[in-house]
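This report refers to the structure that appears directly beneath it.
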């Protein structure tokens, strides 16, 4: 294999990894309990796919691949670029444009809309989820599907509305602003590329309190590896450059509550803790 072909194949693999592909699948099911002899392997293929005699592989032209190695930024370089763009954003609108223009995150190519935020940006409480789903992708707003409707009811139960004012309002966004294909969980690499923008988002909003919805949000901002059922209900302190420390409460994601209705009592306890903290701040 010549150098040009090797680089082209490496570029194709890197692109698939960036898109979230982590497993190779055959077009037809394969019984992996059988011996991996050539005869057994040939038996799993359709008759039309089995050549009568071995044929040399056709060369792959580098120009047929989606990109070249030089077009793919290194992970460290992409994170540095994300940090530079985020730091240069002076307000929420410029931050939105920076995220839209950032080419280091391949999710941008498969999503329909950028899902930035919703609610009152002057609210004292900022909610952070994990990533948009299909309905959010279509609407371009976070938490508008079934989990979003549940979230609105939950927050209303403690007197908060995303379209309210003052202490009666909240603001909501996600760690990831583009929908992952198939609603899969974001990868560590995707989180690393999104965090500079998210952290700048928090600094620009300057919330008094953060509510972290689900394991992805908690792990991304704290580095904790405990399960969300162990972390929920805890008040954490997060540090942000240019803002200082912000109290953050970990709780269960509404999507988790839809799958596990019995956990709603735990989420309710978390909301009560949040309401008490809000009341304490209002009295200061």
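The values are calculated or read from the model by the stated rules, or taken from the named source; none is laboratory data. Values in this document were obtained by computation on a predicted structure and should not be read as measured data. Here the Cβ is made from the backbone with ideal geometry for all residues, glycine too, and neighbour counts use every protein chain on show.
Structure summary
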item: Residue 225 surrounded by fewer than 17 Cβ atoms within 10 Å (Cβ to Cβ) and either under 18 Å from the mean Cα position of the chain (by Cα) or over 17 Å from residue 273 (Cα atoms) (or both); result: yes
item: Filter pass, residue 143 being in the same structural domain as residue 91 (by TED's automatic domain parsing), under 16 Å from the mean Cα position of the chain (by Cα), surrounded by 21 or more Cβ atoms within 10 Å (Cβ to Cβ) and on the phi > 0 side of the Ramachandran plot; result: yes
item: Residue in segment 200-221 that is surrounded by the most Cβ atoms within 10 Å (Cβ to Cβ), counting only those that are more than 22 Å from residue 184 (Cβ to Cβ) and without any contact (Cβ under 8 Å) to a residue 60 or more places away in the chain; result: 203
item: Which numbered condition residue 193 misses (of (1) farther than 19 Å from residue 148 by Cβ; (2) in contact with a strand residue (DSSP E or B) (Cβ under 9 Å, 6 or more places away or on another chain); (3) surrounded by 14 or more Cβ atoms within 10 Å (Cβ to Cβ)); result: (2)
item: Filter pass, residue 250 being modelled with pLDDT of 95 or more, within 20 Å of the chain's Cα centre (by Cα) and not in a helix (DSSP H, G or I); result: yes
item: Filter pass, residue 176 being assigned by TED's automatic domain parsing to the domain that holds residue 258, in contact with a helix residue (DSSP H, G or I) (Cβ under 7 Å, 6 or more places away or on another chain), surrounded by fewer than 20 Cβ atoms within 10 Å (Cβ to Cβ) and in a loop (DSSP other than H, G, I, E, B); result: no
